[in-house]
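> Below are the structure tokens for one structure; questions will follow.
The values are calculated or read from the model by the stated rules, or taken from the named source; none is laboratory data. If you're wondering where the values come from, they're calculated on a predicted model, not measured in any experiment. When we count neighbours, we look across all protein chains shown, and the Cβ atoms used for this are built from the backbone with ideal geometry, even at glycine.
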Amino acid sequence: MSRLSLFDSPFLLGFDHLESALDRISKLGSDNYPPYDILRTGENGIRISLAVAGFGAGELDVTVQDRQLGVHGRQKENAEPVYLHRGIATRQFQRSFVLADGLEVKKASLENGMLHIDLERHVPEVEVRHVKIEDRSR
């Protein structure tokens with residue numbers, strides 16, 4: 001059975017990458033752990049901040065592959081202390097974000113239990129190109 005798509009229209013040529021991005025977005029999990037904020041940090045800057053209390057820098061991994069930003073966290077196995085109450089979640093997690101064209105990860109930093117990932121949008125210069133028309137009517 002073939003899948004019907006809005007991008008099957010003959011007027012939408014070359015938008016295959018947009019359709020695949022929408023497919024990736026729909027497959028992303030709906031788990032809300034860890035909580036995160038997305039902030040505008042300037043005209044072309046964006047910061048994603050994730051609350052990762054209990055994780056060290058060596059237990060976190062930030063990757064970019066095919067315009068998908070992935071954040072993975074897994075605590076190292078060590079002698080488990082005896083908790084009287086455990087309210088800080090430290091389970092492993094995977095959080096993904098689909099990046100738009102021109103959005104580049106500049107840096108990631110861990111500060112006071114918050115993982116900050118700074119992104120920058122590169123705005124391409126508008127280029128107008130004239131195409132010469134060959135007159136073959138002679």
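> In region 116-138, which residue that is in contact with an Asp or Glu (Cβ under 7 Å, 6 or more places away or on another chain) and of a type outside the set (A, V, I, L, M, F, W, C) is surrounded by the most Cβ atoms within 10 Å (Cβ to Cβ)?
That would be Glu120.
> For region 60-85, enumerate the residues that are farther than 18 Å from Lys107 by Cα and either surrounded by 10 or more Cβ atoms within 10 Å (Cβ to Cβ) or modelled with pLDDT of 90 or more (or both).
Scanning region 60-85 gives Arg74, Gln75.
> Is it the case, given these coordinates, that Asp66 is charged (D, E, K, R) and at positive phi? Explain how you work it out, then say what you get.
Details: charged (D, E, K, R): yes; at positive phi: yes.
Judged against the criteria, Asp66 is a match.
> Mind checking which residues of region 95-111 are in contact with a Lys or Arg (Cβ under 9 Å, 6 or more places away or on another chain) and surrounded by 14 or more Cβ atoms within 10 Å (Cβ to Cβ)? Write out each step before concluding.
Of all residues in region 95-111, those in contact with a Lys or Arg (Cβ under 9 Å, 6 or more places away or on another chain) come to 96, 98-104.
Correct list: Ser96, Val98, Leu99, Leu103.
> I've got another one for you. Quick one: what pairs do we get from region 104-123, first residue farther than 17 Å from Asp66 by Cα, second surrounded by fewer than 15 Cβ atoms within 10 Å (Cβ to Cβ) and among the charged types (D, E, K, R), C-beta under 6 Å, 6+ apart or different chains?
If the second residue must be surrounded by fewer than 15 Cβ atoms within 10 Å (Cβ to Cβ) and among the charged types (D, E, K, R), the pairs left are Asp118/Lys106; Asp118/Lys107.
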